[in-house]
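Step one of this worksheet: look at the structure below.
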Amino acid sequence: MAGLIHPHRQPDKENAMNKSHDTHKVLFVGQVPETVDFSDPALPPGFDAAKIHAGIAAGMQQMLDRGWQADLCLVQPDETAAIALKQQLAGKDYECVVIGGGLRIPPKSLLLFEMLINAVHRSAPHAAIAFNTTPLDTADAANRWL
């Protein structure tokens, strides 16, 4: 999916190089790693909380390395998730909100995923919404829409 291109933008070397120097405000939304059910066969094998934390740190660093302001919002997999996300979005003007694959991929997370998408839609209607596959491609996911 990283190869998908926004339909209104043409990729080119100059545009890609300029994008790395822009200051953008991005929010990365993920599930608290310690609450992930690693026995779920929908998740990639070998994941654990420590690997997710390391991936999140690396993804956040990639965004900082691009000169972006990057914030992290880790949510619980319950009804408090949308509330926490709305609080994070309140009064901030994010250009892009990246929803982590751990919230999107497992079928049993569908209701949680819908709640989060609707929270972004209502609380940050001008922000682009992007999806990563792992924490390590978070910056690339945001970059597709910035």
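The values are calculated or read from the model by the stated rules, or taken from the named source; none is laboratory data. Predicted model only: the values in this text are computed from it and were never measured. Heavy atoms of the whole protein, side chains included, go into the accessibility calculation; ligands, DNA and RNA do not. Shrake-Rupley method; radii C 1.70, N 1.55, O 1.52, S 1.80 Å.
HN-Hα J couplings of the range 35-48 from phi, Karplus 6.51/-1.76/1.60, θ = phi - 60°, integer Hz, Gly and Pro as x?
The phi angles translate into 9, 6, 8, 6, 7, 5, x, 6, 8, x, x, x, 6, 8 Hz.
Over the heavy atoms of residue 121, what accessible area does a 1.4 Å probe trace out, to the nearest 10 Å²?
Looks like 120 Å² after rounding.
Heads up, I need the accessible area for residue 114: 1.4 angstrom probe, whole protein in place, Å², nearest 10.
Its accessible surface works out to 90 Å², give or take rounding.
Just to confirm my numbers, what's the Cα centroid distance between the range 84-146 and the range 26-64 in Å?
If we compute the Cα centre of each part, the gap is 14 Å.
Starting from the Cα-Cα distance between residue 79 and residue 126, subtract it from 0.36 nm times their residue separation and give me the gain in nm to one decimal. Each step should come with its number before you reach the end.
On the way: separation 47, 0.36 × 47 = 16.92 nm, distance 2.40 nm.
Once the chain is fully extended between residue 79 and residue 126, it gains 14.5 nm.
Please report the accessible area of residue 110 (heavy atoms, 1.4 Å probe, ligands and nucleic acids excluded) in Å², nearest 10.
The accessible area comes out at roughly 100 Å².
Assign one of three labels to the range 18-146, namely rounded, prolate or oblate, based on the Cα gyration tensor with a ≥ b ≥ c the square roots of its eigenvalues; rounded applies when a/c is under 1.5, prolate when it is not and a/b is larger than b/c, and oblate otherwise. Before the final figure, lay out the partial values.
Working: a/c = 1.95, a/b = 1.24, b/c = 1.57.
Verdict is oblate for the range 18-146.
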